[in-house]
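> First the structure, which I've put down as structure tokens, then a few questions once you've had a look.
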Amino acid sequence: MIEVRGLTKQYGVIRAVDDLTFDVAPGKVTGFLGPNGAGKSTTMRMILGLDRPTAGSALVGGRPFATLAEPLHAAGALLDAGAVHPGRSGRDHLRVAARTHGIPQRRVDEVIDQVGLGPAARRRVKGYSLGMRQRLGIATALLGDPAVLLFDEPMNGLDLDGVRWIRRLVRGLADEGRTVLLSSHLMSEMEQTADHLVIIGAGRLIADASMHDVMRGENAQRRVRVRTPSVDELAGALLRRNLRVHPTDGGDLLVEGASPETVGDVALEVGVAVHRLAQEQSSLEQVYLDLTGDSVQYRVTETPEMVQR
Amino acid sequence: MTAVHLQEPGTLTVYGRAATAEWLRLRTVRSTWWCLLAAAVTIVGIGVIMAFDAENVTASGDLPPATAAGEFGVLLGQFALLVMVLLAVTQEYASGAIAPTLQWTPRRGVLLAARVTVPVLAAAVAAVLLAFVADVAAWLIADLSLSTGDVTDSLGRIAAVLVAGGVLAVGVGLFLRSTAGALATVFLLQLVLPFLLPAFGVQWMADLGELLPGSGAIWTLLGEPEMSAAQATTLLVGWSGVALVAGGWSLLRRDAG
């Protein structure tokens, strides 16, 4: 259980985290989403007592993390896979962590096997690929068999096998009753893995709801895909009814916020043939983009899509 | 999944574990062993060279005791050991490893205590052992006098210099968080300025030089320049104390870094 209450972090004039309040419940995978610079990492660092909040508090298992005598049993975290002394072997890195808690050596070898680091564990970290560093970071997080796990972008740098492995691992940890907070930019991954979502933008809470509710909320707009030989004619008719219409590369039309019935009726009215008409469920990516649209700090100027009005 | 640990170990146990972890940290990076090798070569090497040139060491031409070998050796060789101490602190800021370190030992006072004691003690013990080797070498080479009293007194002073210098290095390292910056600062305070400032022949510069921690260290090792034991002690304790307060503040109050 993680309890975040009014958490705020101010750097000079910039408010990186602004009065965040949310809980992360055990037995679930909670996805932590937000654009770059939204304050996800800073929030995780404050939960772990690395950065001091300007205001508010964060409790892990009912206590501030920085007061714990045996923190690795309370929470394990992978924040930045690169934050390891490059000259030390992965195994020695884990042995140092184990020493701080009197954890026996065999547990170190156990987690090395669990993450599949194998013989590489005895090599120095400077020769590791990003994927191997991620595995080492996950091994470190698991070392103390903690009740709470925080993973910041654990899928970065992993190949498809690695991503699937993380998905199963995270799922398994939550099923064992642990609290899992997982941040990722991979929306399709998050859609498959998370049960609950905490979405922040510009340091503020945008949404704190179950995946089910987010996907069916008002932002999860319905779209209809329609295929017709008379694209221009149908698009024109739909636009006259103030519907948003996007052409797709495949020559279909996507109609926002309309039901298939409406689109079908319009086609009948103007007398054009319809070869396909289907309702599309928005992906998490679309919902997320709609939710965070106003809060994105670093926006890439896209080539303007053909949005007709 | 383990149940919540209701009974936590006491602070002394937590410190003990942090200290053994610190010791393992020190042993498992190559830079530590390179520094020890450099210290061994410098301390024993200078001691041996001094022994071969024993009749020219003192102004009076009297033969020095064999312990002078270790003292001259440590005068320069201490820097290899101070670099070892400094890297134990600043490398974590360079690599970001301070974040995991603080996740394992989030009670920062405990980490500070372990980080001050373990690398500094290791440096002091290494200096004492290497100085003793240099003393024995000088005794064998030049047949210089080697009495138990001299050795105890000399090694005690060497330990004091390394403890003061080591705490200074830890404090500066924690405060500046940068290897280059901390290294430059410790070198200037401990070696360069104490030797350089008097060399200009300007009174106020010489006076300034005598206020630096390195002057206290040189006096403790060689009995020069002119100052009282109380002055030297004040310099060593005062500078390392100030550095420890600044570094401790930085570790305890600032964000992890």
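The values are calculated or read from the model by the stated rules, or taken from the named source; none is laboratory data. Because the structure is a prediction, the values reported are computed rather than measured. Here the Cβ is made from the backbone with ideal geometry for all residues, glycine too, and neighbour counts use every protein chain on show. Remember, those area values only see protein heavy atoms, side chains included, never the ligands or the DNA or RNA. Shrake-Rupley method; radii C 1.70, N 1.55, O 1.52, S 1.80 Å.
> Using a 10 Å cut-off around each Cβ of peptide A:43-50, what is the average number of partner chain Cβ atoms that fall inside?
3
> Please report the net charge: other residues with Cβ closer than 15 Å to the Cβ of B:CYS35, K and R +1, D and E -1. Provide the component values of the computation, followed by the final result.
Numbers: positive: B:ARG25, B:ARG27, B:ARG30; negative: none.
That works out to +3.
> Do you know the relative contact order of chain B, to the nearest whole percent, from alpha carbon pairs under 8 angstrom that are 6+ apart?
Details: 370 pairs, mean separation 57.7, N = 257.
Over chain B, the number comes to 22 percent.
> Let me ask something additional. State the Cα centre-to-centre distance between the stretch A:39-70 and the stretch B:194-257 in whole Å.
Here the answer is 38 Å between Cα centres.
> Shifting gears a bit: Calculate, for A:ARG63 and B:ALA38, the FRET efficiency according to 1/(1 + (r/R0)^6) with r their C-beta to C-beta distance and R0 51 Å; round to the nearest 0.05. Present the calculation step by step, with values, prior to reporting the outcome.
Values: r = 45 Å, r/R0 = 0.88.
Between A:ARG63 and B:ALA38 the formula returns 0.70.
> Roughly what angle does helix B:30-52 make with the longest principal axis of chain B, taking Cα atoms, 0 to 90 degrees, to the nearest 10?
Taking Cα atoms only, the helix is inclined about 10 degrees.
> Helix B:67-95 sits at what angle to the longest principal axis of chain B, using alpha carbons and giving 0 to 90 degrees rounded to 10?
Relative to chain B, helix B:67-95 is tipped by roughly 20 degrees.
> With each run of n ≥ 4 DSSP H residues scored as -39500 (n - 2.57), what mean residue ellipticity at 222 nm is computed for chain B after dividing by its residue count and rounding to the nearest 500 deg cm²/dmol?
Numbers: 11 runs with 198 residues, N = 257.
Theoretical 222 nm ellipticity from helices: -26000 deg cm²/dmol.
> Would you mind working out the magnitude of the charge dipole of the stretch B:121-237 relative to its Cα centre, with +1 at each Lys and Arg C-beta and -1 at each Asp and Glu C-beta, to the nearest 20 Debye? Provide the component values of the computation, followed by the final result.
Values: 2 positive and 8 negative charges, 101 e Å.
I would put it at about 480 debye.
> Convert each backbone phi in the stretch B:17-29 into a coupling constant with the Karplus relation 6.51 cos²θ - 1.76 cosθ + 1.60 (shift: θ = phi - 60°), then list the ³J(HN,Hα) values in order as whole Hz, x for Gly and Pro.
After applying 6.51 cos²θ - 1.76 cosθ + 1.60, I find 5, 4, 5, 5, 5, 4, 5, 5, 4, 5, 6, 9, 10 Hz.
> Let me ask something else about it. What do you get when you divide the Cα radius of gyration of chain B by 2.2 N^0.38 Å, with N the number of residues?
1.10
> Taking amide H positions as placed 1.01 Å from N in the peptide plane, with prolines and chain starts having none, which residues 5 or more places from A:VAL29, or on another chain, fall under 5 Å of its amide H?
Answer set, sorted by chain and number: A:ASP195, A:HIS196.
> How big is the gap, in Å, between the Cα center of the stretch A:105-123 and the Cα center of the stretch B:116-147?
40
> Now for a separate question. Can you give the FRET efficiency for B:ARG30 and A:GLU280, using 1/(1 + (r/R0)^6), R0 = 41 Å, r = Cβ-Cβ distance, to the nearest 0.05?
0.10
> Taking R0 as 22 Å, what's the FRET efficiency between A:ASN36 and A:LEU130 from their Cβ-Cβ distance, rounded to 0.05?
Efficiency at R0 = 22 Å is approximately 0.80.
> Now, a different point. Defining a contact as two alpha carbons under 8 Å apart and six or more residues distant in sequence, what relative contact order in percent does the stretch B:37-164 show?
Contact order relative to length: 40 percent.
> Tell me, what % of the accessible area of the stretch B:162-208 is carbon and sulfur with a 1.4 angstrom probe? List each step's numbers first, then the result.
Values: 1680 of 2110 Å².
Exposed carbon and sulfur together represent 80 percent of the surface.
> When chain B is treated as a GNM, springs tying every alpha-carbon pair under 10 Å, which of B:GLU92, B:GLU55, B:GLU71 comes out with the largest mean-square fluctuation?
Top of the fluctuation ranking is B:GLU55.
> For the protein assembly as shown, give the magnitude of the charge dipole about the Cα centre (Cβ charges: +1 Lys/Arg, -1 Asp/Glu; no others), in debye to the nearest 20.
In total the dipole reaches around 880 debye.
> Sticking with this structure for a sec: Express the Stokes-Einstein translational diffusion coefficient of the stretch A:155-290 in µm² s⁻¹, to the nearest whole number, given a Kirkwood radius over alpha-carbon pairs, 25 °C and a viscosity of 0.890 mPa s.
My calculation gives 141 µm²/s for D.
> If you wrap the stretch A:27-120's Cα atoms in a convex hull and average its projection over all directions, what's the area in nm²?
8.1
> From the Cα gyration tensor of the stretch A:5-68, with a ≥ b ≥ c the square roots of its eigenvalues, which class applies: rounded if a/c is under 1.5, or else prolate if a/b is larger than b/c, or else oblate?
Oblate shape, in that a/c is at least 1.5 and b/c is the bigger or equal ratio.
> Tell me the label-point distance for the pair B:ALA230, A:ASP249, using the 7 Å Cα-to-Cβ offset, in nm and rounded to one decimal.
8.5
> How much solvent-accessible surface does A:HIS246 expose, in Å² to the nearest 10, with a 1.4 Å probe and all protein chains in place?
20
> Considering Cα pairs under 8 angstrom that are at least six residues apart, work out the relative contact order of the stretch A:223-280 and quote it in whole percent.
With pairs under 8 Å counted, the relative contact order is 52 percent.
> So, one more: Taking each residue of A:77-85 in turn, how many C-beta atoms of other protein chains fall within 10 Å of its C-beta, and what is the average?
Taking the mean over all residues of the peptide, I get 5.
> Once you place label points 7 Å from the Cα toward the Cβ at A:ARG216 and A:ASP195, how far apart are they in nm?
Placing both labels 7 Å beyond Cα along the Cβ direction yields 1.8 nm.
> Give the aspartates and glutamates reachable from A:LYS28 as a straight Cα distance under 14 Å; neighbours fewer than 8 places away on the same chain don't count.
A:ASP175, A:GLU176, A:GLU191, A:ASP195, A:ASP208
> Treating cross-link reach as a plain straight distance, find the lysines whose alpha-carbon is under 20 Å from the alpha-carbon of A:LYS9, omitting any fewer than eight places away in the same chain.
Reachable lysines: A:LYS40.
> So what's the projected area for the protein assembly as shown, the Cα convex hull averaged over all directions, in nm²?
So the mean shadow area of the Cα hull is 33.6 nm².
> Additional query: Indicate the gyration tensor shape class of the stretch A:144-202 (rounded, prolate or oblate), computed on the Cα atoms with a ≥ b ≥ c the square roots of the eigenvalues: a/c under 1.5 is rounded; otherwise a/b larger than b/c is prolate and the rest oblate.
Taking the square roots of the gyration eigenvalues as a ≥ b ≥ c, the stretch A:144-202 is oblate.
> For the stretch A:2-210, what does the convex hull of the Cα positions come to per residue, in cubic angstrom?
115
> When chain A is treated as a GNM, springs tying every alpha-carbon pair under 10 Å, which of A:TYR288, A:TYR11, A:TYR128 comes out with the largest mean-square fluctuation?
The residue with the greatest mean-square fluctuation here is A:TYR11.
> Is the shape of the stretch A:223-280 best called rounded, prolate or oblate, per the rule: a/c under 1.5 gives rounded, else a/b larger than b/c gives prolate, else oblate, with a ≥ b ≥ c the square roots of the Cα gyration tensor eigenvalues?
rounded
> So what is the 222 nm mean residue ellipticity for chain A from helices alone, if each DSSP H run of at least 4 adds -39500 (n - 2.57) and you divide by all residues, rounding to the nearest 500 deg cm²/dmol?
-9500 deg cm²/dmol
> When chain B is treated as a GNM, springs tying every alpha-carbon pair under 10 Å, which of B:GLY149, B:GLY238, B:GLY247 comes out with the largest mean-square fluctuation?
B:GLY149
> Further question: What nm distance separates the two modelled labels at B:ARG254 and B:VAL125, each placed 7 Å from Cα along Cα→Cβ?
Reported label-point gap for B:ARG254 and B:VAL125 is 3.0 nm.
> Now for a separate question. Tilt of helix A:260-270 relative to the longest C-alpha principal axis of chain A, in degrees (0 to 90, nearest 10)?
Once rounded, the angle reads 30 degrees.
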